[in-house]
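Any read-out appearing in this document is the output of simple, stated calculations on the displayed coordinates, not a laboratory observation. Note that the structure is predicted; figures quoted are calculated from it, not measured. Don't worry about glycine lacking a Cβ; one is built from the backbone with ideal geometry, like all the others, and counts go over all protein chains shown.
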Amino acid sequence: ITMGYGNEGSDVDKLKQALSGLSSTFGSLESVLEAFGLSDMPMAQRYGILFGCIVFTCTVSAVLILLTIGGSFERIKEQEETGVPTLLASHEARKQRALLLEQLLDSRQWMIQRNYTAAAAAGKE
């Protein structure tokens, strides 16, 4: 089955030929605007609708990208297969990680031992 596209011509010509079906359906940008009821609107509102659609598309794309990168879809798939939650409950997760104050106190003790004991030993010599 051939689509009527010959090997002759550049890629731009092939693209124009492929998109000619859309332009014959809608004709022009004004026909598209009329189909959606936007032809009588002022230009500022058209821009507002256009940028609103762009913001919506970018927001949905960003959410999907972050869910994918963060591994949420992987965890959902794993939980569906095993039937066991893969994440701990928040109170269980807190029990397993060090508290901030304890971590800071340990770091303080380490710094004192490292810095001041070496300085005291060097001063005695």
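Some values worked out for this structure:
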item: Computed E for V60/Q109 - FRET, C-beta separation, R0 35 angstrom, nearest 0.05; result: 0.10
item: Estimated inter-spin distance, F51 and A18, nm [label 7 Å along Cα→Cβ]; result: 3.3
item: Calculated P(r) tail over 12 Å for the range 42-90, as whole % of Cα pairs; result: 72
item: Cut-off 10 Å between beta-carbons: net charge of the residues surrounding S39, Lys and Arg +1, Asp and Glu -1; result: -2
